[in-house]
Amino acid sequence: MNIQKNQFLSMEQVQDTYLQGSGKVQSASLKNEDSFQKILEEKSNLYTQGSVLKFSKHAVSRLNTRNIELSANQMERLQDGMLKANEKGIKDSLVLMDKLAFIVNVPSNTIVTAMDQTETAENIFTNIDGAVIV
């Protein structure tokens, strides 16, 4: 009968002998956690800063047919209005800016339609649950 004389004094010695390379797996998983955290923070910042403003096809068509061009300052104010609507829990908002009106779906950060003062003559807006004036 052969008796092995491999006596280990600690679990670390067993790990070092039989489980070589486990440290590499652990460090790789830590790198993944770091990159996930970084991506999560970046995406969160995009939404909190309001930089994910989108226009629906209908809104783009309305802007083109009505010859409405938005400046960088107006885009920033429109994003600010959307953030304010989000903070108040508004889902579908009317955003009034200069002589323009926008219907905004706040959860999707999408401008649904846009109109100027000639289309707002009736002053009737439906299917909204709040308004923001910027």
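Excluding VAL112 itself, calculate the net charge of residues whose Cβ lies under 15 Å from the Cβ of VAL112, where each Lys or Arg counts +1 and each Asp or Glu counts -1. Neighbourhood net charge equals +2. How much net charge surrounds PHE125 when only the other residues with a Cβ under 12 Å from the Cβ of PHE125 are counted, with Lys and Arg +1 and Asp and Glu -1? Within the 12 Å Cβ shell, the charges total -4. Each other residue within a Cβ distance under 14 Å of ARG62 adds +1 if Lys or Arg and -1 if Asp or Glu, for a net charge of -1. For the range 82-134, applying the loop criterion from DSSP together with a ceiling of 10 other beta carbons within 10 Å to the GluC sites (Glu not before Pro) yields GLU122. Classify the range 49-130 from the C-alpha gyration tensor, please: rounded if a/c falls under 1.5, else prolate or oblate depending on whether a/b exceeds b/c. Oblate shape, in that a/c is at least 1.5 and b/c is the bigger or equal ratio.
Here, each number is a calculation from the coordinates, and none is a lab measurement. Computed from a prediction, not measured in an experiment: that's the story for all the values here. A quick note on method: Cβ atoms are made from the backbone with ideal geometry, for glycine too, and the neighbour counts reach across all protein chains shown.
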